[in-house]
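Student: The structure follows.
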Amino acid sequence: MTAGAASTDVPGLVDRLFRREAGRLTATMARRLGPGRLGLAEDIAQETLARALRVWPFRGVPDDPVAWLHTVARRLALDALRHDAAHARHAPALDMLAETPLPPDAAFADELVDDELRLLFMCSHPDLSPEMRTALVLKTGCGLSVEEIAAGLLRERAAVAQWLVRAKKRIRERNLALDMPSPGELPARLVTVLDAIYLAFNEGWSASAGEQVVRPDVCLEMRALAERLARHRITGTPPTQALYALLTFHCARLATRTDTDGNLLLLADQDRALWDRALIAQGLAALARAAGGAHLSEYHLLAGIAGEHAIAPTFDATNWQSIRTYYDLLIETNASPVHRLNRAVAVAMACGPSAGLRELAALENDAALRGFHLLHATRGELLRRAGRDAEAQAAFQRAYDLARSEPARRFLQQRLA
């Protein structure tokens with residue numbers, strides 16, 4: 001144990017570890033217990049992290065916190081199975097847990113990576129509905145809460161909770177295997193995994209609630225997942241390379257998303273001298289690799305947009321006409337409400353605020369966007385630029401009332417002042 005660990009440091013450390021390790025703990029336990037016990041595996045992961053919160057403030061943080069977590073999780077799993085009144089049916093899982101000590105060397109990290117990837121693909125099983133698959137990957141594989149998933153999908157919390165309940169029930173009843181899919185199954189499953197990684201990254205990039213508008217640990221973890229998939233001999237497809245490029249471009253300017261007080265900084269206000277040029281180069285290289293396929297995916301287009309922002313020397317020098325063209329193609333591929341909202345911004349930047357407002361007018365009755373604060377914030381900004389100040393104030397007020405992130409509310413307060 002590390003001596004003298006301040007108790008005030010422990011909650012933050014455990015929160016960071018939870019974001020990074022909860023999926024890995026669940027993945028390891030699910031593989032050892034069997035996919036039919038996915039719920040038990042998730043409970044064990046939660047209890048392990050709760051135990052760290054109780055123990056570490058008094059005993060100090062372990063020298064290897066990750067190894068400590070996985071050791072405790074294994075012991076909790078053994079205890080849970082042994083105390084089950086019907087423990088005889090758990091004999092195979094007990095044997096596996098008892099006979100498989102946690103390796104202390106570098107091979108342990110490799111095992112965790114493999115387990116985590118297996119879990120992502122198991123959660124994307126074709127026997128689950130598309131909604132079940134996406135929710136399960138986000139919750140179990142990426143560590144998002146039900147509320148965060150609902151915000152990212154622009155759906156009600158209750159609907160997401162039901163998807164998860166039904167997914168776990170189906171996994172248990174059909175004993176779905178915790179294995180990588182066959183080559184023929186891979187494309188359909190990979191699409192779900194990539195979509196979930198992108199949605200989870202967006203939660204880190206622009207948090208739906210809480211004190212932080214940006215969660216760098218979530219962004220970096222999702223980029224790491226995309227990188228592992230991009231490097232994999234089977235999953236490193238052009239769309240995967242494109243997603244990796246997209247997330248890398250975003251991470252290059254992660255440090256400039258907020259000021260030193262945690263307040264949101266718009267793209268026009270960010271110090272481009274602080275952008276990570278090495279990451280931008282990595283993003284461009286990944287985008288070049290993505291060009292090897294015959295299919296132009298959604299992630300190719302999103303990466304192209306992010307790349308235009310990354311290479312522009314100044315905000316005013318941004319090639320907005322090119323970005324608008326990318327969005328036009330993107331809408332043909334996936335006319336999601338958020339893509340259409342972002343396209344309206346590109347139109348406004350390329351053709352003026354009045355043109356952007358005309359695009360927004362077509363979105364104002366969209367049920368998915370009606371309660372989305374960014375629709376109203378965007379409308380307020382375009383109205384302000386068009387000189388329609390009274391209407392802008394009303395739009396900013398509506399956005400403020402809907403925003404759940406404290407930094408977003410502070411930003412909107414400034415617009416209302």
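The values are calculated or read from the model by the stated rules, or taken from the named source; none is laboratory data. On a predicted model such as this, the values are computed, not experimentally measured, just so you know. FYI the Cβ positions are ideal-geometry reconstructions off the backbone, even for glycines, and counts take in every protein chain you see.
Student: Across region 356-379, what is the total count of residues that are surrounded by fewer than 16 Cβ atoms within 10 Å (Cβ to Cβ) and farther than 23 Å from Arg215 by Cβ? Outline the logic, then answer.
Tutor: Step one: of region 356-379, the residues surrounded by fewer than 16 Cβ atoms within 10 Å (Cβ to Cβ) are 358, 361-362, 364-368, 370-371.
Imposing the further condition that a residue be farther than 23 Å from Arg215 by Cβ reduces the set to 358, 361-362, 364-368, 370.
Going through region 356-379 one residue at a time, the tally reaches 9.
Student: On to the next question. Just wondering, is there one or more residues in region 18-38 that are out of contact with any Leu (no Cβ under 8 Å at 6 or more places or on another chain), in a helix (DSSP H, G or I) and at pLDDT 75 or above?
Tutor: Of region 18-38, the ones out of contact with any Leu (no Cβ under 8 Å at 6 or more places or on another chain) are 19-20, 36-38.
Of the ones still in play, those that are also in a helix (DSSP H, G or I) are 19-20, 36-38.
Remaining after also requiring at pLDDT 75 or above: 37-38.
Yes, that holds for at least one residue.
Student: So in region 203-254, with the set limited to residues that are assigned to a helix (DSSP H, G or I) and basic (Lys, Arg), which one is surrounded by the fewest Cβ atoms within 10 Å (Cβ to Cβ)? Spell out how you get there, then give the answer.
Tutor: First, pick out the residues of region 203-254 that are assigned to a helix (DSSP H, G or I): 203-205, 216-231, 238-252, 254.
Going one step further and asking which of them are basic (Lys, Arg), we end up with 223, 228, 231.
Values: Arg223: 22, Arg228: 18, Arg231: 12.
The qualifying residue surrounded by the fewest Cβ atoms within 10 Å (Cβ to Cβ) is Arg231.
Student: Of everything in region 122-155, what is among the polar types (S, T, N, Q) and either part of a helix (DSSP H, G or I) or over 14 Å from Leu194 (Cα atoms) (or both)? Give them in sequence order.
Tutor: Selection gives Ser129, Thr134, Thr140, Ser145.
Student: Can you give me the number of residues within region 295-310 that are among the charged types (D, E, K, R) and either within 22 Å of Pro187 (Cβ to Cβ) or not in a helix (DSSP H, G or I) (or both)?
Tutor: Filtering region 295-310 for residues among the charged types (D, E, K, R) gives 298, 308.
Now drop any that are not either within 22 Å of Pro187 (Cβ to Cβ) or not in a helix (DSSP H, G or I) (or both), which leaves 298.
Qualifying residue count for the region: 1.
Student: Select from region 170-197 the residues that are of a type in the set (S, T, N, Q) and either without any contact (Cβ under 8 Å) to a residue 40 or more places away in the chain or assigned to a helix (DSSP H, G or I) (or both) and write down the one among them that is nearest to Leu267 (Cα to Cα).
Tutor: Top of the filtered list is Thr192.
Student: Going by what's in this entry, would Ala344 be described as over 17 Å from Trp320 (Cβ atoms) and under 27 Å from the mean Cα position of the chain (by Cα)?
Tutor: In short, no.
Student: Out of region 380-405, which residues are assigned to a loop (DSSP other than H, G, I, E, B), more than 28 Å from the chain's Cα centre (by Cα) and surrounded by 14 or more Cβ atoms within 10 Å (Cβ to Cβ)? Spell out the reasoning first.
Tutor: The initial filter retains those residues of region 380-405 that are assigned to a loop (DSSP other than H, G, I, E, B), namely 386-388, 403-404.
From the residues that got through so far, the ones that are more than 28 Å from the chain's Cα centre (by Cα) too are 386-388.
Residues satisfying the conditions are Ala386, Arg388.
Student: Within region 142-161, which residues are under 22 Å from Gln212 (Cα atoms) and either crowded, with 19+ Cβ neighbours inside 10 Å or among the polar types (S, T, N, Q) (or both)?
Tutor: Those that are under 22 Å from Gln212 (Cα atoms) and either crowded, with 19+ Cβ neighbours inside 10 Å or among the polar types (S, T, N, Q) (or both): Cys142, Gly143, Leu144, Ser145, Glu148, Ile149, Ala150, Ala151, Gly152.
Student: Could you say whether any residue in region 40-51 is among the polar types (S, T, N, Q), modelled with pLDDT of 80 or more and assigned to a helix (DSSP H, G or I)?
Tutor: Among the residues of region 40-51, at least one is among the polar types (S, T, N, Q), modelled with pLDDT of 80 or more and assigned to a helix (DSSP H, G or I), which makes the answer yes.
Student: Just to check your reading of the model, which residue among Ala200, Ala158, Ala167 is of a type in the set (A, V, I, L, M), in a helix (DSSP H, G or I), over 25 Å from Ala294 (Cα atoms) and free of Cβ contacts under 8 Å to residues at least 24 places away in the same chain?
Tutor: After applying the criteria, what remains is Ala158.
Student: Continuing with the same structure: Let me confirm something: among Ala344, Ala291, Ala252, Ala317, which residue is in contact with a Gly (Cβ under 7 Å, 6 or more places away or on another chain), not polar (S, T, N, Q) and not assigned by TED's automatic domain parsing to the domain that holds Glu406? First the steps, then the outcome.
Tutor: Numbers: Ala344 fails: not assigned by TED's automatic domain parsing to the domain that holds Glu406; Ala291 fails: in contact with a Gly (Cβ under 7 Å, 6 or more places away or on another chain); Ala317 fails: in contact with a Gly (Cβ under 7 Å, 6 or more places away or on another chain).
The unique qualifying residue is Ala252.
Student: Does Asp328 satisfy the criteria of being loosely packed, with under 14 Cβ neighbours inside 10 Å, touching a helix residue (DSSP H, G or I) at 6+ places or on another chain (Cβ under 9 Å) and modelled with pLDDT of 95 or more?
Tutor: Taking the combined requirement at face value, the residue satisfies it.
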